[in-house]
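A short reminder: the numbers here are calculations on the coordinates, not readings from a lab. Bear in mind the structure is a predicted one, so any value in this text is a computation, not a measurement. Reconstructed Cβ throughout: ideal geometry from the backbone, glycine too, with neighbour counts over all protein chains shown.
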Amino acid sequence: MIEVTKMDSQKVLINENMIEIVEETPDTIITMFTGRKVIVKESRQEIQNLVKLNLK
């Protein structure tokens with residue numbers, strides 16, 4: 001699980017194995033395999049780094 005910050009400053013944990021797409025449009029949108037979308041404050045690069053760190 002990785003911790004991200006939603007636009008309302010609420011911290012949430014998401015299962016990085018369920019992430020299908022991460023886009024910056026300019027907000028960062030995480031699309032899950034279920035179709036659910038989460039808009040977060042972290043950049044696409046930050047999300048990538050969190051996932052990489054969690055895999056170690």
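Some points to look at:
- For the pair residue 24 and residue 39 in one chain, pulling the backbone fully straight at 0.36 nm per residue adds 4.4 nm over the alpha carbon distance.
- Each other residue within a Cβ distance under 15 Å of residue 9 adds +1 if Lys or Arg and -1 if Asp or Glu, for a net charge of -1.
- What you get for the chain, charging only the Cβ of Lys and Arg (+1) and of Asp and Glu (-1), is a dipole of about 140 debye around the Cα centre.
- Other-chain or far-sequence residues with amide H under 5 Å of residue 42's (modelled H): 5
- In this simple spin-label approximation, residue 11 and residue 53 carry label points 7 Å from Cα along the Cα→Cβ vector, and these lie 1.2 nm apart.
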